[in-house]
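*Asks:* Mind having a look at this structure? Questions to follow.
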Amino acid sequence: MPGYREIAAELRSAIERGEYPPGTTLPRVEDLATQYGVSKLTIQRTIGLLGAEGLVATAKRRGTVVRDRTHVRLPVARYADASAQLGPWETACAAQGLSGWTQITEVSEVAADDLVAGELGIEPGAPVIRRGNRMHVGDHVAQLQETYLPLDLFAGTPLAGADKITGGIYRGLADAGHPPAVADEVVTGRMPTPNEADALTLELGSPVLDLRRTTRDRAGRAVVHVHIVVSADRVSLAYRQLL
């Protein structure tokens, strides 16, 4: 009778051979238990091991899903061209031959919490525009993003509208008269929240990168704060420093 590690090795090989492509589901626990002649507990330990390796994740109402692990490299220069027709995510994906696209999930006016207010240099509770996005590679979400902009600067501009911003947020800043000049970026590794894990098709033990970026215009005013959460095994951040 095989143990859970032996069963995991067989399933791992099947995934790597493409027998279970990204987005497909593994057979049910009951079916795998019957196939291998073991208990459901053994199969559950098998799935847990594959989940810890980042190969699969448990999705609501779907079962055990094979994760898409297509990797995206995001250079810091993705923000440099304010005249670009594509946003930074689409630009980076296109440069790697990947089908990257952005889904708008929210555009609303909200009261700035203490963290956002501090980053933007405004009073807590001041109105800001919040834009929520999910960045995809093909059919799979690889990045979650929330963008906050001071309402007093951008009310009535496309940045406050529900449509996608041509060229991305930085292009929108330039078009609104506040071209970006300098940005501070902080990246932290952590475990995902349940909602993040569900959106990114992760097990709760799989880490994410938490990125916060605040950009100032040429006058020195903070004009946008971006909060990004990405799958740590799917996205790398590349930086270049002049010495």
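The values are calculated or read from the model by the stated rules, or taken from the named source; none is laboratory data. What you are looking at is a predicted structure, and each value in this text was computed from that prediction instead of being measured. As a convention, Cβ positions derive from the backbone with ideal geometry for all residues, glycine included, and neighbour counts pool all protein chains shown.
*Asks:* Residue check, T42 against (1) polar (S, T, N, Q); (2) under 25 Å from V230 (Cα atoms); (3) more than 19 Å from the chain's Cα centre (by Cα), all met but one. Which one?
*Replies:* Every listed condition holds for T42 apart from (2).
*Asks:* Residues that are part of a helix (DSSP H, G or I), assigned by TED's automatic domain parsing to the domain that holds A160 and at pLDDT 95 or above: does the stretch 91-111 have at least one?
*Replies:* Applying the first criterion (part of a helix (DSSP H, G or I)) to the stretch 91-111 yields 91-95.
Cutting the leftovers down to assigned by TED's automatic domain parsing to the domain that holds A160 gives us 91-95.
Restricting the remaining residues to those that are at pLDDT 95 or above gives none.
No.
*Asks:* While we're on this one: Which condition does A57 not pass, out of (1) part of a strand (DSSP E or B); (2) crowded, with 18+ Cβ neighbours inside 10 Å; (3) of a type outside the set (S, T, N, Q); (4) modelled with pLDDT of 90 or more, if it passes all the others?
*Replies:* All conditions are met except number (4).
*Asks:* Among the residues that make up the stretch 210-223, is at least one of them surrounded by 14 or more Cβ atoms within 10 Å (Cβ to Cβ) and of a type in the set (S, T, N, Q)?
*Replies:* yes
*Asks:* Any idea which residue in the stretch 119-141 is modelled with the lowest pLDDT, counting only those that are closer than 15 Å to T91 by Cα and crowded, with 22+ Cβ neighbours inside 10 Å?
*Replies:* Within the stretch 119-141, the match that is modelled with the lowest pLDDT is V137.
*Asks:* Taking only the stretch 105-138 into account, find how many residues are of a type outside the set (A, V, I, L, M, F, W, C) and farther than 30 Å from D68 by Cβ. Quick ask: steps written out before the conclusion?
*Replies:* Our first condition is that a residue be of a type outside the set (A, V, I, L, M, F, W, C); within the stretch 105-138, this holds for 105-106, 108-109, 113-114, 118-119, 121, 123-125, 127, 130-134, 136, 138.
This time we only want the ones that are farther than 30 Å from D68 by Cβ, so: 109, 113-114, 118-119, 121, 123-125, 127.
The total comes to 10.
*Asks:* In addition: Among the numbered criteria (1) free of Cβ contacts under 8 Å to residues at least 60 places away in the same chain; (2) hydrophobic (A, V, I, L, M, F, W, C); (3) closer than 30 Å to T166 by Cβ; (4) not in a strand (DSSP E or B), which one does V128 miss?
*Replies:* Unmet for V128, out of (1) free of Cβ contacts under 8 Å to residues at least 60 places away in the same chain; (2) hydrophobic (A, V, I, L, M, F, W, C); (3) closer than 30 Å to T166 by Cβ; (4) not in a strand (DSSP E or B): (4).
*Asks:* Restricting attention to the stretch 159-182, which residues are within 21 Å of A126 (Cβ to Cβ) and surrounded by fewer than 18 Cβ atoms within 10 Å (Cβ to Cβ)?
*Replies:* The answer is G161, G177.
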